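Here the structure comes first, spelled out in structure tokens, and everything after it is commentary.
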Amino acid sequence: MKAQLEAIEKQAFAELESAQDLKALDAVRVKYLGKKGELTAILKQMGKLSAEERPVIGQLANQIRAQIEEKLEETKTELEGKMLDQRLATETLDVTMPGKRSVLGKKHPISIVLDELKEIFMGMGFDVAQGPEVELDYYNFEALNIPKDHPARDTQDTFYINDNVVLRTQTSPMQIRVMEKQKPPIRIIAPGRVYRSDALDATHSPLFHQVEGLVVDKNITMADLKGTLEVFVKRLYGEDSVVRFRPHHFPFTEPSAELDVQCFNCHGEGCRLCKGEGWIEILGCGMVHPKVLENCGIDPEEYSGFAFGIGLERLVMRRYNIDDLRLFYENDVRFLNQF
């Protein structure tokens, strides 16, 4: 048995010397020191030895196990060192090489102009109000003085979830929600996505963006509305901008108007950009209808107000001379990289 132990030691050392990687090294460990290993098998035969031989052979077996384990650790350390040297040689980093340039995102043109609008109106004392895009019929229509038989309620114009829930067709419902919770003075703008049942083409989309505005206080007049919007236009398009107000009709304002800005390309003479009219329509506005104030619990005899609604995509298209609305939503990097 002594000769067997010495042979195992010699054979194990030889195989450890020839091991080329950690996987081969572990295989040698299992072969000789595992539960079914050769050294373990020898030790299981210790019961056949005499009382005098047992301590001698046991001491020798423990000594050989310790020497094999020590050799295992030495070989493992050597192999790990070689592997590290090999990795350092093959994975060399050349710090003189130019780095890879990261592609940075940019603001979408709609976000650029929206941020400008927010800055302009916040500079005039307006707060920004946000609200739900899935809206109750009451807030989207009834409270805004739009009766049941109004064309805007037609299913060809509005996305209905059910009889009482719609995808909002404008951000005006936020005006009602704010007036219900907050007593005058009120100065807010309500930007956000809105939805209408329109076929997608160069000038229409079932999803687009609006910025609604509302001011309610004592002694608010049409002069306040005109002055506010003139300041807005001059800040957006330049101090030499010229505006005009045309009479119009909206159910939730009385009187109502459309605001045009003089074409900044031809200065009123008429060109392709303004379709020969010399003016470009940019928003609708008017004095808040007394019935709308009453619906929100505000006394129209004591308070008055004005409201306006801006089609954001229309402003962006005018700003950057874009002639197709679909470009905003196609996520074409060639288009977006221009801004």
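Measure nothing but the geometry: give the 0 to 90° angle between the long axis through the Cα atoms of 53-90 and the longest principal axis through the Cα atoms of the chain, rounded to 10°.
For 53-90 against the chain, the angle is about 40 degrees.
Tell me, what is the percent relative contact order of the range 195-339, built from C-alpha pairs under 8 Å that lie six or more residues apart?
In percent, rounded to a whole number, it is 29.
Give the Rg/Rh ratio for the range 142-197, taking Rg as the radius of gyration of the Cα atoms and Rh as the Kirkwood radius, to two decimals.
Rounded to two decimals, Rg over Rh is 1.01.
Note down the nm distance, to one decimal, between modelled labels 7 Å out along Cα→Cβ at Glu73 and at Glu281.
8.9 nm
When only DSSP loop residues count, what trypsin sites (Lys or Arg not before Pro) in the range 256-339 have their Cβ near at most 14 other Cβ atoms within 10 Å?
Answer by residue number: Arg272, Lys275.
Which angle between 0 and 90 degrees, to the nearest 10, do you get for helix 2-18 versus the longest principal axis of the chain when only C-alpha atoms count?
Between the helix axis and the principal axis of the chain, the angle is about 40 degrees.
Residue separation times 0.36 nm, minus the C-alpha to C-alpha distance between Lys291 and Lys10: what's the value?
Roughly 90.7 nm would be gained on extension.
Lysines within cross-link reach of Lys23: Cα-Cα under 22 Å, excluding same-chain residues under 8 positions apart?
The reachable lysines, counting only those whose Cα sits under 22 Å from Lys23, are Lys10, Lys31, Lys35, Lys36, Lys71, Lys76, Lys82.
List the equivalent ellipsoid semi-axes of the range 232-339 in whole Å, largest first, each obtained as the square root of 5λ for an eigenvalue λ of the Cα gyration tensor.
Taking √(5λ) for each Cα gyration eigenvalue gives 32, 19, 12 Å.
Under the classification rounded if a/c is under 1.5, otherwise prolate if a/b is larger than b/c and oblate if not, where does the range 108-185 fall, given a ≥ b ≥ c as square roots of the Cα gyration tensor eigenvalues?
oblate
Of the residues Lys107, Lys35, Lys181, which exhibits the maximal mean-square fluctuation in a Gaussian network model of the chain defined by a 10 Å Cα contact cut-off?
Lys35
What relative contact order, as a whole-number percentage, does the chain give when Cα pairs under 8 Å and 6 or more residues apart are counted?
14 percent
Over all pairs of distinct alpha carbons, what does the Kirkwood formula give as the hydrodynamic radius of the chain, in Å?
It works out to 26.9 Å.
Describe numerically, in nm with one decimal, the distance between label points set 7 Å from Cα along Cα→Cβ at Lys106 and at Glu269.
Rounded to a tenth, the inter-label distance reads 3.2 nm.
If amide H atoms are built 1.01 Å from N in the plane of the peptide, which residues on other chains or at least 5 residues away come under 5 Å of the amide H of Thr169?
Tyr195
If I fit a long axis through the Cα atoms of helix 22-33 and take the longest principal axis of the Cα atoms of the chain, what angle between them do I get, 0 to 90°, rounded to 10?
Helix 22-33 and the main axis of the chain meet at about 40 degrees.
Carbon-plus-sulfur fraction of the accessible area of the chain, 1.4 Å probe, in percent?
51 percent
Give the value in nm², to one decimal: projected area of the alpha carbon convex hull of the range 199-281, averaged over all directions.
Directional mean of the projected Cα hull area for the range 199-281 stands at 7.2 nm².
In deg cm²/dmol, rounded to 500, what helix-only [θ] at 222 nm does the chain give when every DSSP H run of at least 4 residues adds -39500 (n - 2.57) and the total is split over its residues?
After summing the helix terms and dividing by the residues of the chain, the value is -12500 deg cm²/dmol.
Can you give the relative contact order of the range 224-280 as a percent, counting alpha carbon pairs under 8 Å and 6+ residues apart?
With pairs under 8 Å counted, the relative contact order is 22 percent.
Run the 1.4 Å probe and let me know the accessible area of His289, rounded to the nearest 10 Å².
50 Å²
Just how large is the dipole of the chain about the Cα centre, in debye to the nearest 20, putting +1 at every Lys and Arg Cβ and -1 at every Asp and Glu Cβ?
In total the dipole reaches around 1040 debye.
Would you kindly give the portion of the calculated P(r) for the range 108-257 that falls above 19 Å, as a percent of all Cα pairs?
60 percent
The values are calculated or read from the model by the stated rules, or taken from the named source; none is laboratory data. Computed from a prediction, not measured in an experiment: that's the story for all the values here. For neighbour counting, all protein chains shown are included, and Cβ atoms are generated from backbone atoms with ideal geometry for every residue, glycine included. For the accessible areas, the whole protein counts, side chains as well, though only heavy atoms, and no ligand, DNA or RNA atoms are used. Shrake-Rupley method; radii C 1.70, N 1.55, O 1.52, S 1.80 Å.
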